[in-house]
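Structure, as structure tokens:
The values are calculated or read from the model by the stated rules, or taken from the named source; none is laboratory data. Computed from a predicted structure; not experimentally measured. All Cβ positions, even for glycine, are placed from backbone atoms using ideal geometry, and neighbour counts span all protein chains on display.
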2 protein chains.
Amino acid sequence: MTDVFEVDRYDAAGRLGELEVPRAGVTVETPALLPVINPHLQTITPAQLESEFGAEILITNSYVLYGSEDLREPVEQQGLHDLLDFSGAVVTDSGSFQLAEYGQIDVTTEEILDFQHRIGSDIGTPVDIPTPPDVSREQAEGELATTQERLATAAEVETGDMLVNAPVQGSTYTDLREAAGAHAAQSGLDVFPVGAVVPMMNEYRYADLADVVAAAKRGLPESAPVHLFGAGHPMMFALAVALGCDLFDSAAYAIYARDDRYMTVRTTEHLEDLDYFPCSCPVCTSHTPAEVRSLDADERERLLSEHNLHVSYGELRTIKQAIRRGDLLELVEARARGHPAMLDGYRALLDHAAQLERTDPVSKDTFFHLSGESARRPEVVRHHQRLDRLDPRGDSVLLTEGNGHDDFDECWNLLPPFGPFPRELADGYPLTAETPERFEAPAYEAAAAGVARLVSAHPDTEFTLAHDDWPASALDALPERVDLWNLRGAE
Amino acid sequence: MTDVFEVDRYDAAGRLGELEVPRAGVTVETPALLPVINPHLQTITPAQLESEFGAEILITNSYVLYGSEDLREPVEQQGLHDLLDFSGAVVTDSGSFQLAEYGQIDVTTEEILDFQHRIGSDIGTPVDIPTPPDVSREQAEGELATTQERLATAAEVETGDMLVNAPVQGSTYTDLREAAGAHAAQSGLDVFPVGAVVPMMNEYRYADLADVVAAAKRGLPESAPVHLFGAGHPMMFALAVALGCDLFDSAAYAIYARDDRYMTVRTTEHLEDLDYFPCSCPVCTSHTPAEVRSLDADERERLLSEHNLHVSYGELRTIKQAIRRGDLLELVEARARGHPAMLDGYRALLDHAAQLERTDPVSKDTFFHLSGESARRPEVVRHHQRLDRLDPRGDSVLLTEGNGHDDFDECWNLLPPFGPFPRELADGYPLTAETPERFEAPAYEAAAAGVARLVSAHPDTEFTLAHDDWPASALDALPERVDLWNLRGAE
Ligand SMILES: [Mg+2]
Ligand SMILES: [Mg+2]
Ligand SMILES: [Zn+2]
Ligand SMILES: [Zn+2]
């Protein structure tokens, strides 16, 4: 791994970062979207992407150029930046996608990397093997070995100051994804795409996607820039960023538009089903769906592409602002309610809360408790770990959701989903949390787990728990020796 | 009540409707936003609201005009539409807000309604008493009696084809709000504002707000057009529409802008805290926060007002599209994750699920199960009611989350949160629901309640429940005589 990426600020495993792309002479702010440019068919030109949407980086397919009768010579003579008329960073894919789709391609890693270098690509890509989900372990291991040979080859090719992608494969085997991440980091290459996730996204397998990304991230160093290859739907950007992805590429904005499909951060709509545009972008504030339906195909495609780009870039700004403010997980909570499969994805992310906790800032904007899922956030994991280092003074301790009491040597506060804490911590993050009037069972259960952790670390201390009518599932999780006092019953 | 409002389509208690405003000669599509126009200070002109934002209706304060040295004569001569340069419907408020703020005003209901009529208002308002939350019952009853006298007076004033608002008061006493709704409907007036909710919104008391609106709606006829007076933050539009509100007015778009505050559908941000605009409106796609900060106060106010309006109108389009499609409650789910108090509001809405069920369509777009709260949606209430009318055939019945079994006379499906149903209903709404991989306890508990309802209606039938590892809280809710079979254990 090289030293081209710098993180400015974290939230969970999401981060605001800067990717230095030396050959382009630009620094790309991440998370970033790379619109996919089809060199033969530009509904939205790279110049428009740059001026209207603020695109700092895009991606195109070098294999298409390599095999193109009309474009190969021009691109070799002019170079990519001139051909595309784009001054930002240009990433080139290698034909791996075509390999996955059609079974074979006519180019080696050496040839395509050399070609990418010659045409002026800023970040090139070797020919890796994008192993689909659910194949046999044998196939996944075999194809990963091939991918890893290609990375070794790529590291040998003379590519000057062009950066090179080191894709992380391994199908749905998370141990292979982790090992692949660790191997890729040793390759001497620069940027780390998590590959072959498109089939998972097409089938709404967001939980599997989260597990695969978390696995790759465990293998990679924290500071590695990660590209989620082929991920272009804004509904999952927040989830993927929170897991630690920095770069996304979208062919979807154009492909969907060609098919009259309209993206939102919650779903995909078909133009014919829309009576109103659920959006405030420049396209949707100046047209009605009926007007757009009445246009010819080219104009319709252009407007829908523009909308799809506006919503995608808008979501990335929303995510960046959330990281800056420290409420990225609150945004993921909201996005998780777009589709049950997105909820599965959020729950899978929370399975990795301890992993996300490592980069999550100690203090952020107010913690919002928004659902039973909030009880599994990294901040709750951290508070429970912290309980191991907190010592109550005295022999008898009251842990209470209500007022203190003189009968005890010490009184601690008690707040679901965190659990108990000394009163002097009450003004610190996350214990200043905004909470609903009533919690869900998982929040009480998480608080009970915190109590159990504290109690078991202090075998000689007597604990009394004054709770506001906790459910049985929480009370059952407490050690027997904790005295219980129901504040609601005591009223 | 008069016959000026027609509902086209429901979703929960939300509806797409048409309000006929005869004096303006226009039909206003609802849900609708009424921007508040300060006649002395127009950052965004009514003409711009009409041409750029598609405003069909706005509201201004007749009491301000009545007391204005420089505007009273012009408005009496030109009329409101000319003075404001607006061809849509113009609603006039009466000074009740000033009454609430400053304790007294210098005008009677007769005088202000006559003035409103003379200046050409399309919908006028009597001087009601906006009783704040949490006052004594005596005060709430006394002030409600005064408001009701004013409505009777208003019904006597000669106002031609101007429509007249009949505000519904009653503070936080839901029985008073319900009685006030029933009384207002008898007044012979036309549009029904739920009044004095601004203090609740300012304190994020969205649960109380939901209870108050639901109570007023119980008193009003289903077909009454309802205005949520003073409600201008897009974060709560979806919730309020789902409860059955049709009209909103926003002074907030301008007041917030003056104070450098920036609205989103999830929250309010201060311009100085924004590094990125979390929005894709025409303002936010063509400026950065830093650029807007550097502008002079007037220009900043104009741009922030425009953004606030774009996000507000965009949210109304999102809501209208959701009603058209039948996923308004899915939208409310997502919006509920903006703030814990919004979650309280959503939960309070679900307390009224049986009330919302009465207008909820029998068939809509696929039901998305998105949280423990989804288990309390009107569709679940309706399915449980339907179980009273469904008769299993034979003496032994298997209710199963898995496959059928020949040992039983009949096999029914079993799906949280709905519960059991005959297989022939499996293709109908809502039983085609999209669900997450794993449910929360409330979904299993709701399914168990459905089972209990079916079982108790058939005392002579033997029931066996084949469940996928339900939690104790659900199994405990089943009648003792149900045989249990854990499909996970049987694997
Ligand atoms: Mg927060
Ligand atoms: Mg749906
Ligand atoms: Zn749009
Ligand atoms: Zn905006």
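How many of the residues making up region B:233-251 are touching a strand residue (DSSP E or B) at 6+ places or on another chain (Cβ under 9 Å) and either in a helix (DSSP H, G or I) or within 16 Å of ligand 4 (Cβ to nearest atom) (or both)? Please lay out each step first, then the result.
Filtering region B:233-251 down to residues touching a strand residue (DSSP E or B) at 6+ places or on another chain (Cβ under 9 Å) leaves B:233-238, B:240-251.
Applying the additional criterion that residues be either in a helix (DSSP H, G or I) or within 16 Å of ligand 4 (Cβ to nearest atom) (or both) yields B:233-238, B:240-242, B:250.
Number of matching residues: 10.
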Original post:
Within region B:244-271, how many residues are in contact with a helix residue (DSSP H, G or I) (Cβ under 7 Å, 6 or more places away or on another chain) and acidic (Asp, Glu)?
Top reply: 1
**OP:** Check region B:323-333 and report whether any residue there is within 12 Å of ligand 4 (Cβ to nearest atom) and surrounded by 23 or more Cβ atoms within 10 Å (Cβ to Cβ).
**Re:** no
Original post:
From the residues in region B:275-288 that are closer than 17 Å to A:Ala55 by Cα and more than 7 Å from chain A (Cβ to nearest Cβ), which one is farthest from ligand 4 (Cβ to nearest atom)?
Top reply: B:Thr288
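Can you name the helices (runs of 4 or more DSSP H) wholly within region B:1-82 that have at least 2 residues being buried (at least 19 other Cβ atoms within 10 Å of the Cβ)?
Details: elements: B:46-53, B:62-66, B:72-78.
Answer list for region B:1-82: B:46-53, B:62-66.
Quick check on region A:387-407. Is at least one of its residues of a type in the set (D, E, K, R), touching a Ser or Thr at 6+ places or on another chain (Cβ under 7 Å) and surrounded by 14 or more Cβ atoms within 10 Å (Cβ to Cβ)? Don't jump to the end; show me each part of the working.
As a first pass, look at region A:387-407 and keep what is of a type in the set (D, E, K, R): A:388-389, A:391, A:393, A:395, A:401, A:406-407.
Then drop every residue that is not touching a Ser or Thr at 6+ places or on another chain (Cβ under 7 Å), which leaves A:395.
Okay, now just the ones that are also surrounded by 14 or more Cβ atoms within 10 Å (Cβ to Cβ), so none.
No, region A:387-407 has no match at all.
Working only within region B:369-381, note down all residues that are of a type in the set (A, V, I, L, M) and surrounded by 23 or more Cβ atoms within 10 Å (Cβ to Cβ). Let's see the steps before the verdict.
Just the residues of region B:369-381 that are of a type in the set (A, V, I, L, M), to begin with: B:370, B:375, B:380-381.
Once the filter is applied, which keeps residues that are of a type in the set (A, V, I, L, M) and surrounded by 23 or more Cβ atoms within 10 Å (Cβ to Cβ), region B:369-381 yields B:Leu370, B:Val380.
Whether any residue in region A:367-384 is over 26 Å from A:Ala207 (Cβ atoms) and polar (S, T, N, Q) is what I want to check. Steps first, please.
Within region A:367-384, the subset over 26 Å from A:Ala207 (Cβ atoms) is none.
So far as region A:367-384 goes, no, none of its residues is over 26 Å from A:Ala207 (Cβ atoms) and polar (S, T, N, Q).
Which residue, of A:Thr285, A:Thr366, A:Thr359, is under 22 Å from A:Leu247 (Cα atoms), of a type outside the set (D, E, K, R) and surrounded by fewer than 22 Cβ atoms within 10 Å (Cβ to Cβ)? Walk me through how you get there before you give the answer.
Values: A:Thr285 fails: under 22 Å from A:Leu247 (Cα atoms); A:Thr366 fails: under 22 Å from A:Leu247 (Cα atoms).
Step by step, each of A:Thr285, A:Thr366, A:Thr359 is checked, and only A:Thr359 is under 22 Å from A:Leu247 (Cα atoms), of a type outside the set (D, E, K, R) and surrounded by fewer than 22 Cβ atoms within 10 Å (Cβ to Cβ).
Among the residues of region B:252-274, what is the count of those that are in a loop (DSSP other than H, G, I, E, B), more than 14 Å from chain A (Cβ to nearest Cβ) and either at positive phi or within 26 Å of the chain's Cα centre (by Cα) (or both)? Break it down into steps so the answer makes sense when it comes.
First, pick out the residues of region B:252-274 that are in a loop (DSSP other than H, G, I, E, B): B:259-260, B:264-267, B:274.
Still in the running and more than 14 Å from chain A (Cβ to nearest Cβ): B:259-260.
Narrowing further to those that are either at positive phi or within 26 Å of the chain's Cα centre (by Cα) (or both): B:260.
Here the count works out to 1.
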Original post:
Is it fair to say A:Pro459 is touching a residue at least 40 places away in the same chain (Cβ under 8 Å) and away from ligand 4 (no atom under 16 Å from the Cβ)?
Top reply: no
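If you check B:Phe237, B:Phe248, B:Phe277, which single one turns out to be within 16 Å of ligand 3 (Cβ to nearest atom) and not aliphatic (A, V, I, L, M)? First the steps, then the outcome.
Details: B:Phe237 fails: within 16 Å of ligand 3 (Cβ to nearest atom); B:Phe248 fails: within 16 Å of ligand 3 (Cβ to nearest atom).
Exactly one of B:Phe237, B:Phe248, B:Phe277 is within 16 Å of ligand 3 (Cβ to nearest atom) and not aliphatic (A, V, I, L, M), namely B:Phe277.
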Subject >> Residue in region A:312-365 that is nearest to the other protein chains (Cβ to nearest Cβ), counting only those that are touching a strand residue (DSSP E or B) at 6+ places or on another chain (Cβ under 8 Å) and not in a helix (DSSP H, G or I) >> reply: A:His339
**OP:** Filter region A:432-460 for residues that are of a type outside the set (A, V, I, L, M), touching a strand residue (DSSP E or B) at 6+ places or on another chain (Cβ under 6 Å) and away from chain B (no Cβ under 12 Å) and give the result.
**Re:** A:Gly450
Original post:
Any idea which of (1) over 35 Å from the mean Cα position of the chain (by Cα); (2) in contact (Cβ under 8 Å) with a residue 40 or more places away in the chain is the one A:Leu475 doesn't satisfy?
Top reply: (2)
Subject >> Of all residues making up region A:24-49, the number that are more than 23 Å from A:Met235 (Cα to Cα) and within 14 Å of chain B (Cβ to nearest Cβ) >> reply: 1
Original post:
Would you say A:Asp406 is of a type outside the set (S, T, N, Q) and within 14 Å of chain B (Cβ to nearest Cβ)?
Top reply: no
Subject >> Exclusive hit being of a type in the set (A, V, I, L, M) and within 14 Å of ligand 3 (Cβ to nearest atom), set A:Leu316, A:Leu303 >> reply: A:Leu303
**OP:** All but one of (1) crowded, with 24+ Cβ neighbours inside 10 Å; (2) at pLDDT below 95 hold for B:Leu209, so report the exception by its number.
**Re:** (2)
Original post:
Of all residues in region B:263-315, how many are within 16 Å of ligand 1 (Cβ to nearest atom) and closer than 18 Å to B:His233 by Cα?
Top reply: 8
Original post:
Is one or more of the residues making up region A:337-350 closer than 23 Å to B:Leu274 by Cα and either more than 16 Å from ligand 2 (Cβ to nearest atom) or in the same structural domain as A:Asp249 (by TED's automatic domain parsing) (or both)?
Top reply: no
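Among the listed residues A:Asp365, A:Asp351, A:Asp395, identify the single one that is within 16 Å of ligand 1 (Cβ to nearest atom), touching a residue at least 24 places away in the same chain (Cβ under 8 Å) and of a type outside the set (Lys, Arg).
Working: A:Asp351 fails: within 16 Å of ligand 1 (Cβ to nearest atom); A:Asp395 fails: within 16 Å of ligand 1 (Cβ to nearest atom).
Matching residue, one of A:Asp365, A:Asp351, A:Asp395: A:Asp365.
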Original post:
Only one of (1) under 25 Å from the mean Cα position of the chain (by Cα); (2) of a type in the set (Val, Ile, Thr); (3) closer than 24 Å to B:Leu151 by Cα fails for B:Ile37. Which number is that?
Top reply: (3)
Subject >> Identity of the residue in region B:297-311, within 16 Å of ligand 4 (Cβ to nearest atom) and aliphatic (A, V, I, L, M), that ends up nearest to the other protein chains (Cβ to nearest Cβ) >> reply: B:Val311
